[in-house]
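Participant: Below is a structure I'd like to ask you about.
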Amino acid sequence: MAVIENSKVTIVGAGSVGASTAYAALIRGSARHVALYDIATAKVDAEVLDLAHGTQFTGRSDITGGSDIAVAEGSHVVVITAGAKQDPGQTRIDLAGVNAGILQRMLPDLLEVAPNAIYVIVTNPCDVLTVRAQQETGLPPERIFASGTVLDTSRLRWKLAQRAGVSTSSVHAYIVGEHGDTEFPLWSRATIGTVPIREWQAEGHPPMTQTELDDIAVDVRDAAYKVIQGKGATNYAIGLSSARIIEAILGDEHAVMPVSTVLRDFHGVDGVALSVPSIVSASGATLVRETGFSDHELELFQRSAAAIHDVARSLP
């Protein structure tokens, strides 16, 4: 994509997710200026230096950063990845308490130096943290939201494309709800091209059964656990998906993406953050209220809402 002139994104957290997001933003040209911030001085300085050494090959984007919050000054987008990482066998919800505390301490300082930014929360559990962050900052929900199920949706489309024998870009399907154990595919709205998902067939690719679709949904839901078990963290794909969100904001694209915003009276859900298709632009994220659910999907959506509500209510 073309770099938007003088655009700036700050990535908060120089761990594996934050560094991968900065790397993806640089090589994709997501913003003219990329900044990386972390309180761990030696770590963030090393990451910035390593990235800077490669800027001959990243077009016009540049990289700065450090452990002084001033590096975020003037940001148009702030992506928050800082927090305790998810360990093998640990659920995203287990992380809620410690990461909520980190976020609460960080947000006032970020708002002081980047008061007009759009804030994207990647730190897990991102839905729970978005509820807390929106309450703490008072920002309108469209200006502070989570990356949600953008990555989960990419995982789903990749699996469906393999099974159907088409390119990933030809698959139109979404994971919605919690970014976590209660997420689910919106099968009633899923298509390949214009063909409903259950009706698709091509040479060597017979129609998919409901059992196959259910198995794919489970694989997508548990994908992060599998990666974490093998290598300790998920980082490349979340970095790429975060860069894509940055681009939709800075490019004022009005792109439809399943980010997680604090919902207000949406299919009976209120006051919790869940992922549903939303329009992402320079104004932030605006829910697509016309998104429909089957009766069963609505039950699953409300189950997701209850799970997030219970965890959010239990935080100190």
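The values are calculated or read from the model by the stated rules, or taken from the named source; none is laboratory data. Small disclaimer: the values here were computed from a predicted structure and weren't measured. Positions of Cβ are backbone-derived with ideal geometry, glycine not excepted, and every protein chain shown enters the neighbour counts. The protein model used for the area step is the full one, side chains on, heavy atoms only, and it has no ligands, DNA or RNA in it. Shrake-Rupley method; radii C 1.70, N 1.55, O 1.52, S 1.80 Å.
Participant: I'd like to know if the range 141-152 contains one or more residues that are within 16 Å of residue 13 (Cβ to Cβ) and in contact with a strand residue (DSSP E or B) (Cβ under 7 Å, 6 or more places away or on another chain).
Facilitator: Taking every residue of the range 141-152 in turn, at least one turns out to be within 16 Å of residue 13 (Cβ to Cβ) and in contact with a strand residue (DSSP E or B) (Cβ under 7 Å, 6 or more places away or on another chain).
Participant: Hey, another quick one. Just one of 186, 95, 107 is open to solvent by less than 10 Å² (accessible area, probe 1.4 Å) and in contact (Cβ under 8 Å) with a residue 60 or more places away in the chain; which is it?
Facilitator: It is 186.
Participant: Scanning for something more than 27 Å from residue 264 (Cβ to Cβ), among the hydroxyl-bearing types (Ser, Thr, Tyr) and part of a helix (DSSP H, G or I), does the range 169-187 turn up at least one residue?
Facilitator: yes
Participant: Assigned to a loop (DSSP other than H, G, I, E, B), open to solvent by less than 20 Å² (accessible area, probe 1.4 Å) and in contact (Cβ under 8 Å) with a residue 12 or more places away in the chain: does that describe residue 123?
Facilitator: In short, yes.
Participant: Residue under question is residue 181, and the condition is that it be open to solvent by 60 Å² or more (accessible area, probe 1.4 Å), within 28 Å of residue 287 (Cβ to Cβ) and at pLDDT 95 or above; does it hold?
Facilitator: Considered against the rule, which asks whether it is open to solvent by 60 Å² or more (accessible area, probe 1.4 Å), within 28 Å of residue 287 (Cβ to Cβ) and at pLDDT 95 or above, residue 181 comes out as no.
Participant: State whether the residues of the range 288-305 include one that is within 19 Å of residue 241 (Cβ to Cβ) and open to solvent by less than 80 Å² (accessible area, probe 1.4 Å). I'd like the intermediate steps shown before the answer.
Facilitator: Step one: of the range 288-305, the residues within 19 Å of residue 241 (Cβ to Cβ) are 288.
Checking the rest, the ones that are also open to solvent by less than 80 Å² (accessible area, probe 1.4 Å) come to 288.
Scanning the range 288-305 turns up at least one residue that is within 19 Å of residue 241 (Cβ to Cβ) and open to solvent by less than 80 Å² (accessible area, probe 1.4 Å).
Participant: Search the range 33-76 for residues being of a type in the set (Gly, Ala, Ser), at negative phi and not in a loop (DSSP other than H, G, I, E, B), and hand back the single one that is farthest from the chain's Cα centre (by Cα). It would help to see each step written out before you state the result.
Facilitator: Here is the first cut: in the range 33-76, the residues of a type in the set (Gly, Ala, Ser) are 35, 40, 42, 46, 52, 54, 59, 61, 65-67, 70, 72, 74-75.
Next, from what is left, pick out any that are at negative phi: 35, 40, 42, 46, 52, 54, 61, 67, 70, 72, 75.
So of that shortlist, the ones also not in a loop (DSSP other than H, G, I, E, B) come out as 35, 42, 46, 52, 70, 72.
Numbers: 35: 19, 42: 27, 46: 25, 52: 25, 70: 25, 72: 20 Å.
That would be 42.
Participant: For the condition closer than 18 Å to residue 123 by Cα, out of contact with any Phe, Trp or Tyr (no Cβ under 6 Å at 6 or more places or on another chain) and either among the hydroxyl-bearing types (Ser, Thr, Tyr) or open to solvent by 50 Å² or more (accessible area, probe 1.4 Å) (or both), what is the one hit in 167, 147? Explain how you work it out, then say what you get.
Facilitator: On the way: 167 fails: closer than 18 Å to residue 123 by Cα.
Every option except 147 fails the conditions.
Participant: Which ones in the range 188-204 are at pLDDT 95 or above, over 26 Å from residue 263 (Cβ atoms) and not in a loop (DSSP other than H, G, I, E, B)?
Facilitator: 192, 195, 196, 198, 199
Participant: Turning to a different aspect of this structure: For the range 208-276, which fully contained helices (runs of 4 or more DSSP H) count at least 1 residues that are over 21 Å from residue 61 (Cα atoms) and open to solvent by less than 10 Å² (accessible area, probe 1.4 Å)?
Facilitator: 210-221, 223-231
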